[in-house]
Amino acid sequence: MFQAIDQIFVNLLRGFLGHLPEPIRPWAGLVISLGAILGTFGLLFGLTTVCERKAIARMQNRLGPNRVGPYGFLQFIADGIKSLTKEDIVPRSADKVVHFIAPLALLVPVVLTYLVLPFGRNMVVLDLDAGLLFYFAAGASTELAVFMAGWSSRNKYSLLGAMRAIAQMLSYELPFILSTIGVVMVTGSLSTVRIVEAQGPGDGWLAHWNVFTPWGFAAFFLFLIAAFAEANRSPFDLPEGESEIVAGYFLEYSGFKFALFFMAEYLGMFSSSALAVTLFLGGWTAPVSFLGFVPSWLWFFLKLGVLMALFIWVRGTTPRLRMDQLMDFAWKFMLPLALFLIPVVVLWDRVGRGWVGWVLCGPIVAAAYVWLGRALVGRRRIQLRTYRYASG
Amino acid sequence: MSPMIYFLSGVTLASAVAAMTLRNPVHCALALVVTFTGLAGIYLGLGAQFLGLAQVVVYVGAVAILLLFVLLVTRSGEAGDGDRERDRVAERSWWGWLIALLVGAVLAVGAWSAGQLPQRAAPPELPGVRDIGEALMTDFAMPLQVVGLLLTAAMIGGAIIALREDRMRVAAEREGRR
Amino acid sequence: MLGSGIIKGLAETGRNFVGSYFDPERMTTVEYPEQRLAPKENTRQFPFLVFDGEAALAGLRCVACQICEKECPPQCIYIEKSREKKPDHLGKPQFHPAIFDIDISVCMSCQICVEVCPFDAIKMDTEFELSTSDRFGGLLMHKDLLARPNSHFLKVHPTDAGVIDARRAEERARLEAKARLDSEAKAKEAPPAA
Ligand code: SF4
Ligand code: SF4
């Protein structure tokens, strides 16, 4: 019974594919899975925008959208219709072709990243040997799309936004990838499915989620922070800082293309949260074995929801960083900490993963955190700023 | 699989030609990205997962961006006053032909001699990511370290050069102001 | 230590979030079309013309002196004087506006017209739902649309209107007293002359 619910989507797909002729089965499976993923996450995108607006409003003691549908939850449909029916304006001096391709070039890699994410037991589109690498490869191509959008608009603000976005994404990609290395080392595989399976409860009753290890805890937060930056979310939303550069790289986009950018941003956020769930929060596994009857995909989306709530909460809290703070944080804090975690993982693996590991590794990670944090913010004195051009 | 390979090869070649002939340097760089991606697609089609994905990460994710940055920082990005420059480049184009010829010759020799080698039995399974990793960490650990050292040195060197220029300019401006 | 600030911040927004569901004091939003704030006496939106008595156009206090037309900074008032005069509330013959238009899309609610009017004929209304579906004709208010009875003025700005009414009553009383005195004086003077 529980198993049937758990595998319901898998069996549905398999049953449907059984009716199709043999040669087109893999392609049909791919198309159907992609459609399902787009549908699910498209809906999630809409709901998240509403929830986000409502939650942030509550954090500021406002009401938020509450008019369309019950409690305003259909607001996203109204917004969608609005942006679909709006006029699509292409600036006269824009590079038409590149301007047109850019939103697609952003959306396609983002959608591709979903192919290797396991949403539940047996629910992964491509179980690649190098799944994690596939994810990072697809994610790396989004920078190019951002550049295309910013450059082709022929607008200073767009170009500045694109430059900021690329500088930020390149800087944060390093900790983003490095923080996952520990997981790969412990699991001994780059396959996302293997990684999830390794975190399951196994024979015991408690799951071995990577976040419940000293290095995993630190790496999880490093990964999340880097994911914030990759998604251009506050406090790392410099690329679209309204007060300085209007809207950043998608400034010259309107109507449907703007909606595509917006959607790609949210889908990117979902996929990096989903990867965080996969790598550190045990993917679709239950935290304790007696909760195993809850369908695996439900666990996955629950965890995803928790992370989304965190994203929204942080957005409602933090102000925007300055460019030098952004770079300092990536290069002077996150990168060294991520590098430092790699030997810690080795130590953890050698001394056995029990309480000895905790006693040994815990203080090391904490000390590294405190020390790097001190180095970053501790000795800051207020100095007279020297300007190269403005003074004198 | 083979129609896919032909398609990808076509795209790769076409975009490579575009990268050489388009007038706008940014368009050339973008066409080059398509070339890189097509190449990665071919690798993937041949079953070399790691190589294909690494190609995307390194070339599309990093090299292409670097290229575009350099283009934007060093010139206006328009192909406006390029005619004279174009002539100047055309004068020296024989260098390019020479290099292309040499590279082509090396490749041809390589391809020819590959056919001459005694045929080994194909491995039962293509080496996966795991095998590549193990090879890199055992047999090829030393070369890997050397390459890493080289790249690090290059990076530090680049940073130092940039730093010195910056310092010198600031110092010169201070002098000039006095 | 690094990170303590963000935790403090998260706690603050978290408190706001939870509090907003339990503490009605926090939520200051008034959901406008259904709920409304009680009108404030000193609100000003758009001018109206005060009239006395029952008939709107006949009772306008405006004497078409055109001071407001000259003073209005964005020049959104247009007045045309009538040809004939008719008596005002003190019985003095005065002109009245044949045309009195205000362009609502240009008016900036500065209240200068009210300040300069010597006849208390133009006042600011508190009505703010002035949107119209016709952006050409609908935005130009003619005098029939601008006219409001004095009772309306009393309702929206009771203090002001009270003072003005008292003054006007006093003026009229003084005039009547003077007229009485005059007629009495005339009556006194009359017998000897007769
Ligand atoms: S409203 Fe007042 S100022 Fe304006 S024309 Fe009439 S009497 Fe004169
Ligand atoms: S309120 Fe100001 S702008 Fe409006 S009609 Fe009166 S003087 Fe003109």
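The values are calculated or read from the model by the stated rules, or taken from the named source; none is laboratory data. Just so we're clear, the structure is a prediction, and the values are computed from it rather than from any experiment. Methodologically, a virtual Cβ is constructed for each residue, glycine included, from the backbone with ideal geometry; neighbour enumeration extends over all protein chains shown.
Structure values in brief
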{"quantity": "Members of the stretch A:160-177 that are crowded, with 22+ Cβ neighbours inside 10 Å and aliphatic (A, V, I, L, M)", "calculated": "A:162, A:165, A:169"}
{"quantity": "Verdict on residue C:2 being more than 16 Å from ligand 1 (Cβ to nearest atom), surrounded by 13 or more Cβ atoms within 10 Å (Cβ to Cβ), at the interface with another protein chain (Cβ under 10 Å from one of its Cβ atoms) and modelled with pLDDT of 85 or more", "calculated": "no"}
{"quantity": "Some residue of the stretch A:312-329 being assigned to a helix (DSSP H, G or I), free of Cβ contacts under 8 Å to residues at least 40 places away in the same chain and under 30 Å from residue A:9 (Cβ atoms)", "calculated": "no"}
{"quantity": "Residue C:59 within 14 Å of chain A (Cβ to nearest Cβ) and over 30 Å from residue A:325 (Cα atoms)", "calculated": "no"}
{"quantity": "Pairs with Cβ under 9 Å, 6+ apart, first in the stretch C:20-46 and under 30 Å from residue C:112 (Cα atoms) and within 16 Å of ligand 1 (Cβ to nearest atom), second modelled with pLDDT under 85 and assigned to a loop (DSSP other than H, G, I, E, B)", "calculated": "C:46/C:127; C:46/C:128; C:46/C:130"}
{"quantity": "Top-ranked residue in the stretch C:13-33 [being exposed (fewer than 11 other Cβ atoms within 10 Å of the Cβ) and β-branched (Val, Ile, Thr); ranked as farthest from the other protein chains (Cβ to nearest Cβ)]", "calculated": "C:30"}
{"quantity": "Qualifying residue in the stretch A:231-242 (condition: surrounded by fewer than 20 Cβ atoms within 10 Å (Cβ to Cβ), more than 14 Å from chain B (Cβ to nearest Cβ), more than 21 Å from the chain's Cα centre (by Cα) and under 21 Å from residue A:316 (Cβ atoms))", "calculated": "yes"}
{"quantity": "Hits in the stretch C:87-109 - residues which are modelled with pLDDT under 85 and out of contact with any strand residue (DSSP E or B) (no Cβ under 6 Å at 6 or more places or on another chain)", "calculated": "C:89, C:90, C:91, C:92"}
{"quantity": "Within the stretch A:44-163, helices (runs of 4 or more DSSP H) holding 2 or more residues that are touching a residue at least 12 places away in the same chain (Cβ under 8 Å) and within 14 Å of chain B (Cβ to nearest Cβ)", "calculated": "A:96-113, A:131-140, A:142-152"}
{"quantity": "Matching entry among A:287, A:343 (being away from chain C (no Cβ under 14 Å) and at pLDDT below 85)", "calculated": "A:287"}
{"quantity": "Helices (runs of 4 or more DSSP H) contained in the stretch B:1-92 and holding at least 1 residues in contact with a helix residue (DSSP H, G or I) (Cβ under 8 Å, 6 or more places away or on another chain) and either among the aromatic types (Phe, Trp, Tyr) or modelled with pLDDT of 80 or more (or both)", "calculated": "B:2-21, B:25-45, B:49-55, B:64-74"}
{"quantity": "Members of the stretch C:98-123 found to be under 30 Å from residue C:173 (Cβ atoms) and either away from ligand 1 (no atom under 13 Å from the Cβ) or touching a helix residue (DSSP H, G or I) at 6+ places or on another chain (Cβ under 6 Å) (or both), listed by number", "calculated": "C:100, C:113, C:116, C:117, C:120, C:122, C:123"}
{"quantity": "Which numbered condition residue C:151 misses (of (1) surrounded by 12 or more Cβ atoms within 10 Å (Cβ to Cβ); (2) closer than 28 Å to residue C:36 by Cβ)", "calculated": "(1)"}
{"quantity": "Number of the condition not met by residue C:80 [criteria: (1) modelled with pLDDT under 90; (2) within 14 Å of ligand 1 (Cβ to nearest atom); (3) exposed (fewer than 15 other Cβ atoms within 10 Å of the Cβ)]", "calculated": "(1)"}
{"quantity": "Candidate set from the stretch C:50-81 (those that are assigned to a helix (DSSP H, G or I) and not charged (D, E, K, R)); member that is farthest from ligand 2 (Cβ to nearest atom)", "calculated": "C:67"}
{"quantity": "The stretch B:58-70, subset of a type in the set (A, V, I, L, M) and surrounded by fewer than 21 Cβ atoms within 10 Å (Cβ to Cβ), residue farthest from the other protein chains (Cβ to nearest Cβ)", "calculated": "B:70"}
{"quantity": "Which numbered condition residue C:44 fails, given (1) within 16 Å of ligand 2 (Cβ to nearest atom); (2) surrounded by fewer than 18 Cβ atoms within 10 Å (Cβ to Cβ); (3) closer than 16 Å to residue C:120 by Cβ; (4) over 14 Å from the mean Cα position of the chain (by Cα)", "calculated": "(4)"}
{"quantity": "Matching residues in the stretch A:354-367 - criterion: being crowded, with 17+ Cβ neighbours inside 10 Å and within 14 Å of chain C (Cβ to nearest Cβ)", "calculated": "A:365"}
